[in-house]
Amino acid sequence: MTKPYTVGHYLSERLGQIGLKDHFAVAGDFNLVLLDQLLEEGSTKQLYSCNELNCGYTAEGYARANGAAAMIVTFNVGALSAINAIGSAYAESLPVIFVSGGPNTNDQGSGHILHHTIGNSNYGYQAEMFRQVTCATEVILSAENAPAQIDHAIRTALRMRKPCYIEIPCNLASAECVRPGPVGTLLAETTPDKVSLDAAVKAACTFIETRKNVVILVGSRVRTLGSLEPIVALADRIGCAVTVMSAAKSFFPEDHKAFRGVYWGEVSSPGAQELVEKADGVICLAPIFNDYATVGWQSKPPASQALIADLAEVTVDGKSFAGFHLGAFIAALSEKAPSRPATVENTTYTPVKIPETAPTVPLTNDEMARQINAMIDGNTTITAETGDSWFNAVRMHLPGGARVETEMQWGSIGWSVPAALGNAIGSPDRQHILMVGDGSFQLTAQEVAQMIRYEVPVIVFLVNNRGYVIEIKIHDGPYNYIKNWDYAGLIKAFNAEDGHGLGLHARTGAELADAIAKAKTNKKGPTFIECHIATEDCTDTLVQWGKKVAKANSRPPQKN
Ligand code: TPU
């Protein structure tokens, strides 16, 4: 007799069909049978994380490289640890398929009190919590309904570019169910509302025609397009200058003739602030104008001068249009938009050179950033953690094809270590660089062990500046100083008897150059370079930006 086809097999086959090669997991007794089923069906490889928060960030990073990701954890103790990472996937618009094991169906509604729960017998609260940070929440209660529910969650996540939630009771993972058909509708985009799309394109063309100085401002949610080509095509058609927001660093090729740097209010690349703020028409592609991006609410194009093309809505000249995806709008506008060459012709862009320091003096932040910048080629992905690493990544000059990943909307420190791992697993043919501060690293440090386990050659630059420098610059206090660790020394412990990680210290420019040379030849695991930098030595833009953000955060309460 052949083995029955199960709910777990169905999920597994669907994950493979949507283009995943891997899924990430932490085992627990509510998901063990499900993990068995995924292994048995085998469409995707099962990779493990040290804890569920890291598992979530790893999946989030993988989705950045691969378009989507999946993770499997156990009920409550696993899932609730992961919810921060699912919040990240929601905020950053990444379709992570979050799967939790659930209580046996015989226990649901029976009054039984189970372990790993808050001690009452209502097991719906986990799904309710996740409902706020997912676009579809499916609690499976029968094998018959499982295919439709799994498909609904996955389809919604892929279309909305947001995470979804699937809960599979531990006794249903191996219950018999039908096989999936071809992937077809799961991957298909919704048909755009042609009338609304045409009206939006017409309004956008009028907007461009009636403005003298048009500039494009690229925002971070263009990541959901999966390619920069549509944006380049639009820029080429209009012929105007292009700037990117800080969270969208690398989302327009910096070697393109129209590129004019990063617009970030008063900490913009030279010339970019003037260009955007003097333009009478700013085409904002999938922007997020939060307090960080606007430097404490200082720098946001006024509504009368902005066309805002969001993921599911275009707003222009006081009217909003919906019913189509950003990709459809950009493609249609690229065919119809009038040409406005003025801003490209009137301006130039010269990237700022990061200053060099002598190789024998103590290592400086500039020298570290300069040497990292020199390593970047068109096949490099840099993951930059919250902190001064953001500002260092933003000031680098990138060859076309280089990629920067940040988490500037959610900004949860510790994200970058697992996210760089996930990104590297999702795009193994690229060179992966991680820049992370010591404070952030202390949250998720153990995930370097998974880089070693899976022999992922991420080059990690750990900035040991003895504290939360970004917070020191925003609002200082004793809470911003941390216990020092021998970070590079951790690698020996993580390697144990069989790992190939390399841990190195860099205290001068020469030591850093030597460490980078070693990292380039270490392909069987991560190279971890602990860069010793003085606490007061950080990027100028961080200080300038920090003051403005602190001022915005300390506004007195409004009077009634
Ligand atoms: O380069 P540097 O020194 O700025 O980076 P480091 O050392 O990683 O410090 C980051 C400090 C930081 C904190 C403590 N940045 N944001 N926060 C607040 C914060 C606290 N907890 C979470 C999960 N996320 C946060 N952003």
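Annotations
- Within region 23-49: backbone nitrogen closer than 20 Å to the His500 label point (7 Å, Cα to C-beta): 47-48
- Calculated FRET efficiency, Ile482 to Asp540, Cβ-Cβ distance, R0 = 25 Å: about 0.60 to the nearest 0.05.
- For region 372-494, the Cβ-based charge dipole about the Cα centre amounts to some 120 debye (Lys, Arg positive; Asp, Glu negative; other atoms uncharged).
- Once the Cβ-Cβ distance of Ala550 and Met375 is raised to the sixth power relative to R0 = 41 Å, the FRET efficiency obtained is 0.80.
- One chain, two ends: Ser142 and Glu189. Fully extended at 0.36 nm per residue, the span grows by 14.1 nm beyond their Cα-Cα distance.
- Cross-link table Lys21/Lys524; Lys21/Lys194; Lys45/Lys524; Lys353/Lys483; Lys492/Lys518; Lys162/Lys548, entries beyond 25 Å C-alpha to C-alpha: Lys21/Lys194; Lys353/Lys483; Lys162/Lys548
- Site pair Ala510 and Ala358 shows an inter-label distance of 1.1 nm when each label is modelled 7 Å from Cα along Cα→Cβ.
- Per residue, the chain reaches -10500 deg cm²/dmol at 222 nm when only DSSP H runs of four or more residues are counted, each adding -39500 (n - 2.57).
- Around the Cα centre of the chain, unit charges on the Cβ atoms of Lys, Arg, Asp and Glu (plus for the first two, minus for the last two) sum to a dipole of about 1120 debye.
- Taken per residue, the accessible surface of region 291-386 reaches 46 Å², heavy atoms only and a 1.4 Å probe.
- Under the simplified labelling scheme, the Asn560-Ser339 pair shows an inter-label distance of 6.0 nm, with each label point 7 Å from Cα along Cα→Cβ.
- Cβ crowding within 10 Å averaged over residues, with 236-249, 314-327, 42-55 ranked highest first: 236-249, 42-55, 314-327
- Placing dummy labels 7 Å off each Cα toward the beta-carbon, the span from Asn122 to Ala322 is 3.1 nm.
- Hz values of 3J(HN,Hα) by residue in region 139-147 - Karplus curve (6.51, -1.76, 1.60), Gly and Pro given as x: 9, 7, 10, 8, 5, 4, 8, 4, x
- Each of Cys284, Ala358, Thr527 was placed along the dipole of the chain (beta-carbon charges, centred on the mean Cα), and the one lying farthest toward the positive end is Cys284.
- Full extension of the chain between Gln298 and Asn171 yields a length gain of 40.3 nm, computed as 0.36 nm times the residue separation minus the alpha carbon distance.
- Of all accessible heavy-atom area on the chain, the percent that carbon and sulfur account for (1.4 Å): 53
- Sequence-ordered 3J(HN,Hα) estimates for region 256-272 from the Karplus curve with 6.51, -1.76 and 1.60 and θ = phi - 60° stand at 7, 5, 8, 5, 10, x, 9, 8, 8, x, 6, 9, 5, 4, x, x, 6 Hz, glycine and proline given as x.
- Local electrostatic count at Gly78 - Lys and Arg +1, Asp and Glu -1, tallied over other residues with Cβ under 15 Å: -3
- Cα-only radius of gyration and Dmax that characterise the chain, units Å: 24.3, 76
- Heavy-atom accessible surface of region 191-279, averaged per residue, reaches 36 Å², computed with a 1.4 Å probe.
- Cross-link partners of Lys559 among lysines (Cα-Cα below 22 Å; sequence separation of 8 or more within a chain): Lys551
- Of all DSSP-defined beta bridges confined to the chain, some 10% are antiparallel rather than parallel.
- Dipole moment magnitude, nearest 20 debye, region 86-174 about Cα centre, only Lys, Arg, Asp, Glu C-beta charged: 320
- Ligands, DNA and RNA are left out, and with a 1.4 angstrom probe the accessible area of region 85-160 is 39 Å² per residue.
- In order along region 518-526, the Karplus-derived 3J(HN,Hα) couplings, from 6.51 cos²θ - 1.76 cosθ + 1.60 at θ = phi - 60°, round to 5, 4, 5, 9, 8, 9, 9, x, x Hz, and Gly and Pro are given as x.
The values are calculated or read from the model by the stated rules, or taken from the named source; none is laboratory data. Source: prediction; values computed, not measured. Neighbour counts run over all protein chains shown; Cβ positions are idealised from the backbone, glycine included. Just so you know, the surface numbers come from the protein's heavy atoms only, side chains and all, with ligands and any DNA or RNA stripped out. Shrake-Rupley method; radii C 1.70, N 1.55, O 1.52, S 1.80 Å.
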